[in-house]
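The values are calculated or read from the model by the stated rules, or taken from the named source; none is laboratory data. Every value quoted in this text rests on a predicted model; they were computed, and no experiment measured them. Using ideal geometry, Cβ is built from the backbone for each residue, glycine included, and neighbour counts are taken over all protein chains shown. Only protein heavy atoms, including side chains, enter the accessible area calculation; ligands, DNA and RNA are left aside. Shrake-Rupley method; radii C 1.70, N 1.55, O 1.52, S 1.80 Å.
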Amino acid sequence: MSGGEELLRSRGLRVTRPRLAVLDVLSAGGHLEVDEITRRVRERLDSVSTQAVYDVLGALSRAGLSRRIEPAGSPARYEARAGDNHHHVVCRGCGEIADIDCAVGEKPCLDPNTAHGFEVDEAEVTFWGLCPTCQARRSADD
Ligand SMILES: [Zn+2]
Ligand SMILES: [Zn+2]
Ligand SMILES: [Zn+2]
């Protein structure tokens, strides 16, 4: 049994070839757009519709096997690193995304001074800046 099969079974998900292929693509790391995931899945399986990939990503996300992020101005992206409440730093220049460990590790890792009676269960933290490549490009332009 492959690691992917074990993962799916451990979360009570049926093992299917598209699910295994998507898990495999995500396990390579990074924050991938659905188009990119679909392209890579099709390198492994012949006919997989984009809708099927969306369905798989939905099932994996609900089972805690993948995480969906959607930084402002960017299409949704998916990653295998789920459940550790890590944060992201996004480059304003090129959209590059990197992981930032959460110092606390659990939601919500920030406590608002006043929550207006809301029961807060998550703080969505996104850091914005310029990646090393874009910094170098900027200084070259100066
Ligand atoms: Zn950049
Ligand atoms: Zn991430
Ligand atoms: Zn945090």
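Table for the structure above
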quantity: In the range 86-97, residue farthest from ligand 2 (Cβ to nearest atom) [restricted to those that are surrounded by 15 or more Cβ atoms within 10 Å (Cβ to Cβ) and of a type in the set (A, V, I, L, M, F, W, C)]; calculated: 91
quantity: Residue match in the range 51-62 (condition: within 16 Å of ligand 3 (Cβ to nearest atom) and within 19 Å of the chain's Cα centre (by Cα)); calculated: no
quantity: Any pair with Cβ under 9 angstrom, 6 or more apart, that starts in the range 82-99 at a residue that is assigned to a loop (DSSP other than H, G, I, E, B) and ends at one that is near ligand 2 (Cβ under 9 Å from one of its atoms) and of a type in the set (Val, Ile, Thr); calculated: 86/100
quantity: Qualifying position, being open to solvent by 80 Å² or more (accessible area, probe 1.4 Å), in a loop (DSSP other than H, G, I, E, B) and without any contact (Cβ under 8 Å) to a residue 40 or more places away in the chain, among 120, 104; calculated: 104
quantity: Checklist (1) within 16 Å of ligand 1 (Cβ to nearest atom); (2) open to solvent by 60 Å² or more (accessible area, probe 1.4 Å); (3) in contact with a strand residue (DSSP E or B) (Cβ under 6 Å, 6 or more places away or on another chain); (4) modelled with pLDDT under 95 applied to residue 75, failing item; calculated: (1)
quantity: Sole residue being over 30 Å from residue 5 (Cβ atoms) and touching a strand residue (DSSP E or B) at 6+ places or on another chain (Cβ under 8 Å), chosen from 95, 117, 129, 83; calculated: 129
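A quick yes/no check of all residues on (1) open to solvent by 70 Å² or more (accessible area, probe 1.4 Å); (2) modelled with pLDDT under 95; (3) not assigned by the TED database to the domain that holds residue 92:
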{"site": "9", "(1), (2), (3)": "yes, no, yes"}
{"site": "29", "(1), (2), (3)": "no, yes, yes"}
{"site": "34", "(1), (2), (3)": "no, no, yes"}
{"site": "46", "(1), (2), (3)": "yes, yes, yes"}
{"site": "57", "(1), (2), (3)": "no, no, yes"}
